[in-house]
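Asker: One structure coming up, written as structure tokens, with questions to follow.
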Amino acid sequence: MKNKILKINPLFDYITTTSQFKTIFLLYCLLAIYGSVILSIQMNNFFDGILMVFQFPIFNICFFALLFLNTIYIINTVSKQFEYYIIRLQTKRNYLSKLLKIVLVINIYMMLLFLIVYFAFYNLFHFGAFAIYSYQHYDISNAVYSVFYLFRYLLFAVLLSLIIIFLKLRIKENGFLSIMILFLIGFLMFPNSGATVSSFQLLIWRYFSLTVYESFGVELMNSLLFLILLELCISFSYYGLTKPRKRMIS
């Protein structure tokens with residue numbers, strides 16, 4: 001599989017063997033241990049423990065801070081250390097497409113490694129405690145909802161890392177850092193909500209916390225709509241950065 005990835009993008013092998021990448025991975029390992037051992041130690045159910053950890057504000061702040069840090073590192077590495085490679089791409093569209101692809105591949109690779117470490121430790125304490133029951137007032141089990149929530153969590157996280165690329169390329173450094181800090185603080189400003197909601201949730205933090213909907217169908221529809229919104233943001237940002245600029249006729 002790694003050889004196939006290398007054929008897609010030759011930068012993969014270089015970036016994933018640098019000391020900076022290994023440091024970020026080490027921090028992810030520490031976060032995985034923190035979530036799987038310390039946060040969930042009092043949970044008596046395998047599936048409930050997963051939800052509790054990935055809905056915990058401090059855990060989310062650390063997870064996304066590392067994700068953004070890794071994304072910024074990839075962008076800086078490609079732009080500063082591979083100038084010859086950028087020149088070969090010839091156009092801004094080709095460059096941006098390659099950048100999106102390498103960020104996507106490496107961040108998914110990092111998340112897979114994170115999940116391996118997380119569940120390796122998590123299973124030591126919770127494997128076998130598979131109490132299955134209806135989640136909230138939904139017509140699905142807590143096991144099914146845990147899989148759904150974790151999949152949505154990682155999918156939205158990957159899409160956010162792509163949006164980070166456009167922000168990094170379009171906004172000045174101070175403004176970019178301010179947006180990143182405000183996003184992370186948002187996990188504390190919009191914590192888990194116990195109220196049942198039925199309307200569309202525009203605040204992205206609601207999709208990384210305990211938000212109870214009138215039914216699972218309503219939550220699924222909200223998730224699909226927000227997924228489309230994220231994809232539209234990526235598409236419009238890509239078009240805005242790659243569209244040819246009109247020349248002024250003097």
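Asker: Does the stretch 27-44 hold any residues that are farther than 21 Å from Arg152 by Cα and of a type in the set (S, T, N, Q), and which are they?
Answerer: Gln42, Asn44, listed by residue number.
Asker: Picking from Leu115, Leu89, which residue would you name as being surrounded by 14 or more Cβ atoms within 10 Å (Cβ to Cβ) and either in contact with a Pro (Cβ under 6 Å, 6 or more places away or on another chain) or at pLDDT 90 or above (or both)?
Answerer: Every option except Leu115 fails the conditions.
Asker: Identify, please: which residue in the stretch 124-149 is open to solvent by 10 Å² or more (accessible area, probe 1.4 Å) and within 20 Å of Leu203 (Cβ to Cβ) and is, among those, nearest to the chain's Cα centre (by Cα)?
Answerer: Restricting to residues being open to solvent by 10 Å² or more (accessible area, probe 1.4 Å) and within 20 Å of Leu203 (Cβ to Cβ), the top hit is Phe148.
Asker: Okay, moving on. For the stretch 119-134, enumerate the residues that are free of Cβ contacts under 8 Å to residues at least 24 places away in the same chain and in contact with a strand residue (DSSP E or B) (Cβ under 9 Å, 6 or more places away or on another chain).
Answerer: Residues satisfying the conditions are Tyr133, Ser134.
Asker: Another question, then. Residue by residue through the stretch 125-151, note down the ones that are in a helix (DSSP H, G or I) and under 16 Å from Val53 (Cα atoms).
Answerer: Phe125, His126, Asn142, Ala143, Tyr145, Ser146, Val147, Phe148, Tyr149, Leu150, Phe151
Asker: Could you grab the pairs with beta carbons closer than 7 Å, sequence gap of 6+ or different chains, first residue in the stretch 37-65 and in a helix (DSSP H, G or I), second one among the polar types (S, T, N, Q)?
Answerer: Taking only residues 6 or more apart or on different chains, the pairs are Phe47/Asn142; Phe47/Ser146; Asp48/Asn142; Gly49/Ser40; Ile50/Ser146; Leu51/Ser146; Met52/Ser40; Val53/Ser40.
Asker: Kindly evaluate Ile163 against the criterion of being surrounded by fewer than 14 Cβ atoms within 10 Å (Cβ to Cβ), among the β-branched types (Val, Ile, Thr) and either in contact (Cβ under 8 Å) with a residue 24 or more places away in the chain or not in a helix (DSSP H, G or I) (or both).
Answerer: No: the conditions fail for Ile163.
Asker: Hey, another quick one. Within the stretch 180-191, which residues are out of contact with any Pro (no Cβ under 8 Å at 6 or more places or on another chain) and loosely packed, with under 15 Cβ neighbours inside 10 Å?
Answerer: Ile181, Leu182, Ile185, Met189
Asker: Give the residue that is farthest from Ser146 (Cα to Cα), with candidates limited to residues of the stretch 47-57 that are of a type in the set (A, V, I, L, M, F, W, C) and open to solvent by 20 Å² or more (accessible area, probe 1.4 Å).
Answerer: The qualifying residue farthest from Ser146 (Cα to Cα) is Phe56.
Asker: Let me ask you something else. Identify the residue in the stretch 195-241 that is within 20 Å of Phe64 (Cβ to Cβ) and of a type in the set (Ser, Thr, Tyr) and, among all such residues, is most open to solvent (accessible area, probe 1.4 Å).
Answerer: Taking the candidates together, the pick is Ser237.
Asker: List every residue pair whose Cβ atoms sit under 9 Å apart, with the two residues 6 or more apart in sequence or on different chains, where the first one lies in the stretch 175-194 and is closer than 12 Å to Ala65 by Cβ and in a loop (DSSP other than H, G, I, E, B) and the second, anywhere, is open to solvent by less than 70 Å² (accessible area, probe 1.4 Å) and modelled with pLDDT under 90.
Answerer: none
Asker: Given Asn142, Asn94, Asn70, which one is under 26 Å from Ser161 (Cα atoms) and touching a residue at least 24 places away in the same chain (Cβ under 8 Å)?
Answerer: Asn70
The values are calculated or read from the model by the stated rules, or taken from the named source; none is laboratory data. On a predicted model such as this, the values are computed, not experimentally measured, just so you know. Note that we place each Cβ from the backbone using ideal geometry, even for glycine, and neighbour counts take in every protein chain shown. Surface areas here come from the heavy atoms of the whole protein model, side chains and all, with no ligands, DNA or RNA. Shrake-Rupley method; radii C 1.70, N 1.55, O 1.52, S 1.80 Å.
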